[in-house]
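Worksheet for the structure shown next.
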Amino acid sequence: AQKITQTQPGMFVQEKEAVTLDCTYDTSDQSYGLFWYKQPSSGEMIFLIYQGSYDEQNATEGRYSLNFQKARKSANLVISASQLGDSAMYFCAMRDYRNQGGKLIFGQGTELSVKP
Amino acid sequence: GAGVSQSPSNKVTEKGKDVELRCDPISGHTALYWYRQRLGQGLEFLIYFQGNSAPDKSGLPSDRFSAERTGESVSTLTIQRTQQEDSAVYLCASSPRGGYTEAFFGQGTRLTVV
């Protein structure tokens, strides 16, 4: 069965520094996608970045990059030059395209606090 | 804009009553998801619709929960005989067929059972 694990319930980072949020996943399929979402205190879900299992290069979107290590089944999110507005919950998610027909499941999240 | 729309945004109901939550996905999106998010918790998968395929109901917590979708349009999540532990935000999301893109979320329905 699919499983997403985020082992850091809370993280602190100093403004302007980089931070890595951990995510490991478990699937028996070879075809899957990995996603990161941000959820600020307002509650909206904001898509950040996507990585396909067959993508050879790590995904990047502005200050966000995904450190994809397929053999380790990890998909860590790296936020560079943290800003106060980055304070939020961050969720890792996976969509398994074969076995689960595209069901999208989420980890428990990491609460990031950016200190001035 | 033509985003995912959920209604109502807030619902307060008495324990034991039935509630219906509505989700209007983005036009053309064949996949639709429902999630439950309790306060301070992650997103708990409830049910997934993909086009005309049989829905994946594996996340529904009890037979009090059910959901329907008409074709590739509106979906309703029904909770019968509500309990206090059903209090949560219920989030709906949709994505295009193929699924190699992100899911787009609605603003959620905050359900409070008193």
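The values are calculated or read from the model by the stated rules, or taken from the named source; none is laboratory data. Computed from a predicted structure; not experimentally measured. Note: ideal-geometry Cβ built from the backbone for every residue, glycine included; neighbour counts use all protein chains shown.
Quick notes on this one:
- Residue match in the stretch A:41-56 (condition: under 20 Å from A:Thr5 (Cβ atoms), among the polar types (S, T, N, Q), in contact with a strand residue (DSSP E or B) (Cβ under 7 Å, 6 or more places away or on another chain) and not in a strand (DSSP E or B)): yes
- Filter result (over 14 Å from the mean Cα position of the chain (by Cα) and under 27 Å from A:Glu111 (Cβ atoms)) within the stretch B:33-84: B:Leu39, B:Gly40, B:Gln41, B:Gly42, B:Gln84
- Hey, A:Ala93 without any contact (Cβ under 8 Å) to a residue 12 or more places away in the chain and among the hydrophobic types (A, V, I, L, M, F, W, C) or not: no
- Hits in the stretch B:3-39 - residues which are small (Gly, Ala, Ser) and either closer than 26 Å to A:Tyr97 by Cβ or in contact with a Cys (Cβ under 6 Å, 6 or more places away or on another chain) (or both): B:Gly3, B:Ser27, B:Gly28, B:Ala31
- Residues that are closer than 13 Å to A:Tyr25 by Cα, touching a residue at least 40 places away in the same chain (Cβ under 8 Å) and of a type in the set (S, T, N, Q) within the stretch A:68-90 comprise A:Ser74, A:Asn76, listed in sequence order.
- All positions within the stretch A:22-34 that are farther than 19 Å from A:Asp55 by Cβ and either in contact with a Leu (Cβ under 8 Å, 6 or more places away or on another chain) or of a type in the set (Ser, Thr, Tyr) (or both): A:Ser28
- Residues (surrounded by 17 or more Cβ atoms within 10 Å (Cβ to Cβ), more than 10 Å from every other protein chain (Cβ to nearest Cβ) and over 17 Å from A:Asp96 (Cβ atoms)) located in the stretch A:1-52: A:Val13, A:Val19, A:Leu21, A:Asp22, A:Lys38
- Yes/no for A:Leu112 being more than 14 Å from chain B (Cβ to nearest Cβ), in contact with an Asp or Glu (Cβ under 8 Å, 6 or more places away or on another chain), outside any helix (DSSP H, G or I) and surrounded by 14 or more Cβ atoms within 10 Å (Cβ to Cβ): yes
- Selection within the stretch A:84-109: residues that are more than 22 Å from B:Tyr100 (Cβ to Cβ) and part of a strand (DSSP E or B). The member of this set that is farthest from the other protein chains (Cβ to nearest Cβ) is A:Ala88.
- Number of positions in the stretch A:6-34 that are in contact with a Gly (Cβ under 6 Å, 6 or more places away or on another chain) and in a strand (DSSP E or B): 1
- Pairs, first within 19 Å of A:Pro40 (Cα to Cα) in the stretch A:4-29, second assigned to a strand (DSSP E or B) and among the hydroxyl-bearing types (Ser, Thr, Tyr), C-beta under 6 Å, six or more apart: A:Gln6/A:Thr110; A:Gln8/A:Thr110; A:Met11/A:Thr110; A:Phe12/A:Ser113; A:Leu21/A:Tyr90; A:Leu21/A:Thr110
- Residue, modelled with the lowest pLDDT, within the stretch B:1-27, restricted to residues that are assigned to a loop (DSSP other than H, G, I, E, B) and out of contact with any Ser or Thr (no Cβ under 9 Å at 6 or more places or on another chain): B:Gly1
- In the set (1) over 27 Å from A:Tyr54 (Cα atoms); (2) at pLDDT below 95, the condition left unmet by B:Glu102 is number (1).
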